[in-house]
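So the structure is just underneath, and the comments pick up after that.
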Amino acid sequence: MSPSDPAGSGEPTTDALLTARGLRKSFGDNEVLRGIDLTLHRGEVVVLIGPSGSGKTTVLRALNGLETPDSGTIVVAGGPDIDFAPGSPVKPRERKQKRLALRDRSAMVFQHHNLFPHLSVLENVIEGPWRVQGRPKAEVVAEAQALLARVGLADKADARPHELSGGQQQRVGIVRALALRPDLLLFDEPTSALDPELVGEVLLVIKELADEGWSMVVVTHELSFAREAADRVFFMDAGVVIEEGPPSEIFGAPQHERTQRFLTRIL
Ligand code: ADP
């Protein structure tokens, strides 16, 4: 298993994999994103932190095409510019095409794994690459088995999700994302629904993927993970990126008063 185009050394390069500019999104009167800029380089790990309701999940969902911004641009290297320009009426079909173009490139791991309860672990993993992407079943099964072994779940391939612990289920969720062979991984609070003793095993898998050079954006409240795994940390509040930088700067010497207040509260 390897990312589609790792940096090799594990160091981020200057090569932008994903560039989002000026993302804005309102739900009714509630302006949730107020001009978000975010660049993810190949092999880089960006962690989004911030108070609940600050818009972190909405950013991820926009990057994944699950949410359509009201305005802004998203570019994934090698793909078209996905422009959500204001004022230009977007036809429903066009809107759908834009979202699908994004969804093909990334895979999201959710807070709740959303595994199909009636399918085995293996069937859950192959569903996307086999049925949706149309890849040959034998190839997909072999890859799925290797990925399950990679996260210590080789012997669970035939189990149903309910027979697994929460941490194991979430590891299956990660494997399911990897099996789609995405360019980048998006994690939306992947451990916040887990019992505390199960958090570590899931973070370890994510950390290993980061070390292997996967490009990822992670929303989490696990600040020790952010400290260890992030190349850059973005602190968001009220729909705005207040500051961003390497973890040593954001945690060691936050510049903005709002960041300082958040860190004091949470640490
Ligand atoms: P965070 O991930 O930082 O907790 P979210 O992106 O989940 O923040 O939410 C930001 C704000 O957007 C919240 O006020 C939330 O209630 C609102 N919101 C998110 N999704 C929807 C939606 N589909 N409809 C209406 N409001 C939403």
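The values are calculated or read from the model by the stated rules, or taken from the named source; none is laboratory data. Predicted model, so just to flag it, every value in this text is computed and none were measured. Cβ atoms come from the backbone with ideal geometry, glycine included; neighbour counts cover every protein chain shown. Accessible surface areas use protein heavy atoms only, side chains included; no ligands, DNA or RNA. Shrake-Rupley method; radii C 1.70, N 1.55, O 1.52, S 1.80 Å.
Worth a mention:
- Residue within segment 118-128 that is more than 25 Å from Ile206 (Cβ to Cβ), more than 16 Å from the ligand (Cβ to nearest atom), surrounded by fewer than 20 Cβ atoms within 10 Å (Cβ to Cβ) and modelled with pLDDT of 95 or more present: yes
- Answer residue from segment 204-221, given it is in a helix (DSSP H, G or I) and open to solvent by 30 Å² or more (accessible area, probe 1.4 Å) and is nearest to Leu60 (Cα to Cα) among those: Lys207
- Ser215 under 15 Å from the mean Cα position of the chain (by Cα), more than 14 Å from the ligand (Cβ to nearest atom) and modelled with pLDDT of 95 or more: yes
- Residue check, Thr13 at pLDDT below 95, in a strand (DSSP E or B) and away from the ligand (no atom under 13 Å from the Cβ): no
- Candidates are the residues of segment 47-80 that are among the polar types (S, T, N, Q) and away from the ligand (no atom under 15 Å from the Cβ); the one that is most open to solvent (accessible area, probe 1.4 Å) is Thr73.
- Extreme residue, nearest to the ligand (Cβ to nearest atom), among residues of segment 31-46 that are touching a Ser or Thr at 6+ places or on another chain (Cβ under 7 Å) and open to solvent by 30 Å² or more (accessible area, probe 1.4 Å): His41
- Condition met for Ala144 (loosely packed, with under 15 Cβ neighbours inside 10 Å and in a helix (DSSP H, G or I)): no
- Leading residue by the ranking (farthest from Ala77 (Cα to Cα)) among those in segment 165-201 that are part of a loop (DSSP other than H, G, I, E, B) and open to solvent by less than 10 Å² (accessible area, probe 1.4 Å): Thr191
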